[in-house]
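Chemist: Sharing a structure with you now.
All of the numbers you see were taken from the coordinates with simple rules; none came from a lab. Remember, predicted model here, so these are calculated numbers, not experimental data. In this analysis, Cβ positions are derived from the backbone assuming ideal geometry, glycine residues included, and neighbour counts consider all displayed protein chains.
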Amino acid sequence: MASVPLRAPATDLDRRTGERSELCLGVTLRRAGAQDIIPAEITNLSATGFLAEFPEGVDVPELLDFELPQAGSRTARVVWTNGWMVGCSFSQPLTRSEISAARLKSEPRQMQVELARTSAAPSNDPTDPIWDLSNEAAPGERWSLTTRLLVLAAAGTLPWLSVVGLFALFA
């Protein structure tokens, strides 16, 4: 698929150390100095590089030109490839504001994925406080169905009666 061979970073200096932002940003990449368009989606962004997903079968060049919101035209070098995923490093690091602008342009579905990943699933442990039913009313302490329906009817009717009363007062 790619003209860049699959390889691991050669040294620790090649590894990304910056804070990464998960996002879902559709971009149009170009071979450096060329006009042919390569659609891609950046899924992970840091000041020093990004992770992108390419359509299958796309020949990924070693150098890419593209545009990011607020960052303008940038050049990136492909560091590694693995199937349709490509890791790239920027020739010049991004600023915090440029990363923030890219996150703002990111599609909302990525936020839902992040929330789902970070949210803990409900516990099935009976000792968990979420399952504590001691504050629930005992069956004998509940209002009867008739009483509950009368309370609901009164709560729905009283505001309308006050509006009608005020209308009659000022009419």
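Chemist: In percent, how large is the relative contact order of segment 12-106, given Cα pairs closer than 8 Å and 6 or more residues apart? Could the numbers behind the result be given before it?
Modeler: Numbers: 198 pairs, mean separation 25.5, N = 95.
Here the relative contact order equals 27 percent.
Chemist: Quick one: if you stick a label point 7 Å off each Cα along the C-beta vector at THR95 and GLN70, how many nm between them?
Modeler: So the two model labels end up 0.9 nm from each other.
Chemist: Report the rotationally averaged projected area of segment 12-106 based on its alpha-carbon convex hull, in square nanometres. Walk me through the numbers before you get to the answer.
Modeler: Numbers: hull surface 22.6 nm².
For segment 12-106, the mean projected area of the Cα convex hull comes to 5.6 nm².
Chemist: Taking the Cα-to-Cβ direction at ASP36 and at GLU56 and moving 7 Å from each Cα, how far apart do the two end points lie in nm?
Modeler: Going from the ASP36 label point to the GLU56 one covers 2.1 nm.
Chemist: Can I ask one more? Sorted by mean Cβ packing within 10 Å, highest first, what order do the peptides 22-31, 150-159 take? List each step's numbers first, then the result.
Modeler: On the way: 22-31: 17.6, 150-159: 10.0.
Peptide ranking by packing, descending: 22-31, 150-159.
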